[in-house]
Amino acid sequence: AASPPRPVSIEELMETAKGVTNMALAHEIVVNGDFQIKPAELPEHSLEKKVRDIVHKAFWDCLEAQLKEDPPTYDHAIKLLGEIKENLLSFLLPGHTRLRSQITEVLDLDLIKQEAENGALDISKLVEFVIGMMGTLCAPARDEEIKKLKDIHEIVPLFRAIFSVLDLMKMDMANFAVSSIRPKLMQQSAEYERKKFQEFLEKQPNSLDLVTRWLQEAADDLAKLRCKMLPPHCSDGATGGAFTLCSTAVQNQAYLKLLKWDHVNRPFPEVVLMDQTRFQEIQLELEQLLLTGTVLLVTFSAAGSALVDMPGFPEKIKTIVKVLLTGMHLPSFNVKEALATVSEKVCAEVNSCLSQHGFTPFSAERETVLKGQIQAVANQDNTICKLIDSRIQKFLENCLASSHQKSFPAIPGGLGPIQRELEEIAVKYVRLVNYNKMVFSPYYDAVLGKILLKE
């Protein structure tokens with residue numbers, strides 16, 4: 001029996017929570033190739049947004065009131081120029097010596113204060129310099145925002161717009177930094193996650209129970225397959241080589257099992273818990289792709305090679321099927337009704353294409369057969385659907401086995417129409433699996449060492 005977890009102090013919980021937050025951010029950057037920092041948006045009617053809007057309005061109203069005084073007071077405006085100066089300097093690289101000198105010279109706050117005291121401050125000229133410098137330092141994607149700044153002539157709205165664009169430039173800089181550090185971060189993040197998980201494991205010694213069960217089931221699956229039809233996964237050679245080969249095979253089988261996981265009724269293994277949502281999204285994508293691929297195989301088999309080779313026809317049919325199956329995982333979606341609509345649309349498109357290119361359209365009987373085959377895809381025991389599913393799983397298994405090669409393994413027969421979509425999913429899936437292996441391989445080896453020895 002597993003030993004009971006020891007009591008954990010509040011300090012330990014807080015420290016763990018902080019570690020998990022940092023780990024989750026690093027993990028997101030590494031596994032999500034599209035990761036970008038985005039502006040925080042408060043809910044429209046939230047208390048935080050109301051307080052922020054009130055404070056901001058009070059500040060800008062105060063600035064406007066100061067500038068309308070006779071003579072104008074520039075206290076707030078000078079503070080804003082100081083913040084703008086710091087922002088501009090933060091965008092510079094070490095080699096930008098000339099730009100640094102320009103910014104420091106023009107936005108010399110001491111000199112600006114003296115000019116304000118003597119009534120000689122030209123705020124419009126300073127703002128014009130700021131906009132020009134922002135145009136020099138911003139990414140090309142922000143050129144349009146810089147151009148809009150030049151069309152604002154009232155000083156308070158212009159200041160507000162400048163800070164808005166500066167915030168966008170900060171995000172651009174941060175996202176550039178993220179993309180630059182991703183390769184280096186991968187190894188460091190793996191070590192960091194492993195360290196944090198080890199600390200968690202020391203506090204909760206039974207935290208590998210779900211992983212052990214998951215890997216045991218994968219080993220059992222392979223053993224059953226080996227007994228039925230497949231050659232042994234392990235050679236009869238030295239123990240070390242046999243263990244390495246079997247460990248890899250079991251891990252790959254375990255990761256394939258995550259694509260068929262019952263997320264509602266079964267807890268996810270501890271080491272992949274952070275990526276449960278990602279695995280679930282891939283699972284849903286594969287389920288939709290399975291239906292799409294099955295419908296396409298049935299349709300193209302019925303249509304014949306003449307239509308399949310027709311430029312644009314396969315892609316048009318695929319688009320129709322994908323659109324009509326969009327949202328198939330929503331509670332309100334009816335798969336049978338959707339496939340009935342798909343069968344009608346597909347048959348109409350096939351007949352239209354046959355007629356346009358001088359072929360005889362389908363007879364009523366052939367139409368009925370094709371519609372029936374498409375609608376039968378909704379049945380869980382559909383033979384063609386099972387065949388496509390097994391080939392998709394085999395392709396993903398081959399992708400895992402050859403994950404360090406640059407090219408994809410050969411696509412199994414019947415998957416040609418969905419090859420592009422399947423390869424896109426495979427890229428995400430393999431990246432996720434490889435990173436998880438990099439982090440948790442010591443724990444997998446420890447658990448599998450006992451399982452494979454028992455086997």
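Dipole of the chain, Cα-centred, from +1 at each Lys and Arg C-beta and -1 at each Asp and Glu C-beta, to the nearest 20 debye?
Value, rounded to 20: 1640 debye.
At 1.4 Å probe radius, can you tell me the per residue accessible area of region 47-179 in Å²?
61 Å²
Might you work out the accessible area of Y74 for me, using a 1.4 Å probe with all protein chains in place, and round it to the nearest 10 Å²?
We get 40 Å² for Y74.
For K68, list the aspartates and glutamates whose Cα falls under 18 Å from its own Cα; do not include residues on the same chain fewer than 8 positions away.
Result set, ordered by chain and number: E115, E117, D122, E154.
Taking only the alpha-carbon atoms of region 41-118, what semi-axes of the equivalent ellipsoid follow from 5 times the gyration tensor eigenvalues under a square root, in whole Å, largest first?
So the equivalent ellipsoid measures 29, 23, 6 Å along its semi-axes.
Measuring with a 1.4 Å probe in the full set of protein chains, what accessible area per residue, in whole Å², belongs to region 277-370?
Counting only protein heavy atoms, the per-residue value for region 277-370 is 50 Å².
Could you sort out which of K50/K125; K228/K316; K318/K437; K196/K454; K170/K318; K85/K428 sit more than 32 Å apart by Cα distance in this structure?
Flagged as over cut-off: K50/K125; K228/K316; K318/K437; K170/K318; K85/K428.
Between the alpha-carbon centers of region 367-445 and region 69-133, tell me the distance in whole angstrom.
Here the two parts' Cα centres lie 59 Å apart.
Taking the Cα-to-Cβ direction at Q102 and at R213 and moving 7 Å from each Cα, how far apart do the two end points lie in nm?
6.5 nm
What area, in nm² and to one decimal, does the C-alpha convex hull of region 47-179 cast on average over all directions?
That works out to 9.4 nm², a quarter of the Cα hull's surface.
Based on the Cβ-Cβ distance of Q276 and A177, what FRET efficiency does E = 1/(1 + (r/R0)^6) give at R0 = 25 Å, to the nearest 0.05?
Efficiency at R0 = 25 Å is approximately 0.30.
Between the DSSP loop rule and a limit of at most 11 other Cβ atoms within 10 Å, which GluC sites (Glu not before Pro) in region 36-137 are left?
The qualifying sites are E41, E44, E69.
Of S207, S124, I103, which is farthest towards the positive pole of the chain's charge dipole, taken about the Cα centre with +1 and -1 on the beta-carbons of Lys, Arg and Asp, Glu respectively?
Sorting the options by dipole projection puts first S207.
Mind ranking K454, K345, K406 by accessible surface for me, highest first, 1.4 Å probe?
K406, K454, K345
Counting only protein heavy atoms and using a 1.4 Å probe, what share of the accessible area of the chain belongs to carbon plus sulfur, as a whole percent?
Heavy-atom surface of the chain belonging to carbon and sulfur, 1.4 Å probe: 56 percent.
Only one of the values [x] -0.53, -1.09; [y] -0.79, -1.20; [z] -0.88, -1.17 was calculated from this structure for log10 I(q)/I(0) by the Debye sum over Cα atoms at q = 0.09, 0.13 Å⁻¹; name its label.
Correct label is [z].
I'd like the accessible area for R160, computed on protein heavy atoms only with a 1.4 Å probe and all protein chains in place. Round to 10 Å², please.
120 Å²
Got a sec to turn the phi values of region 142-149 into Karplus ³J(HN,Hα) couplings, 6.51 cos²θ - 1.76 cosθ + 1.60 with θ = phi - 60°, whole Hz, x for Gly and Pro?
Rounded to whole hertz, the list is 9, 4, 5, 5, 5, 4, 5, 4.
Can you give me the pair-distance distribution of region 299-439, C-alpha pairs, 10 Å bins, whole percents?
Cα pair-distance distribution for region 299-439, in percent: 10, 33, 33, 18, 5, 1.
What do you get for Rg/Rh over region 333-412 if you use C-alpha atoms and the Kirkwood form of Rh?
1.15
Taking the full set of protein chains and a 1.4 angstrom probe, give the accessible area of V106 in square angstrom, rounded to the nearest 10.
Roughly 50 Å² of V106 is accessible to a 1.4 Å probe.
Based on Cβ point charges of +1 for Lys and Arg and -1 for Asp and Glu, what charge dipole magnitude is obtained for region 47-179 about its Cα centre, in debye rounded to the nearest 20?
480 debye
In nm, what is the difference between 0.36 nm times the number of residues separating L89 and N334 and their Cα-Cα distance?
Full-extension gain reported as 82.5 nm.
When we measure straight from the Cα of K371, which aspartates and glutamates land under 16 angstrom away, once same-chain ones fewer than 8 places off are left out?
Qualifying aspartates and glutamates at Cα under 16 Å: E337, E344, E349.
The values are calculated or read from the model by the stated rules, or taken from the named source; none is laboratory data. Remember, it's a predicted structure, so these values are computed and weren't measured experimentally. Every residue, glycine as well, gets a Cβ built from its backbone with ideal geometry; the counts of neighbours run over all protein chains shown. All accessible areas refer to the heavy atoms of the entire protein, side chains included, with ligands and DNA or RNA removed. Shrake-Rupley method; radii C 1.70, N 1.55, O 1.52, S 1.80 Å.
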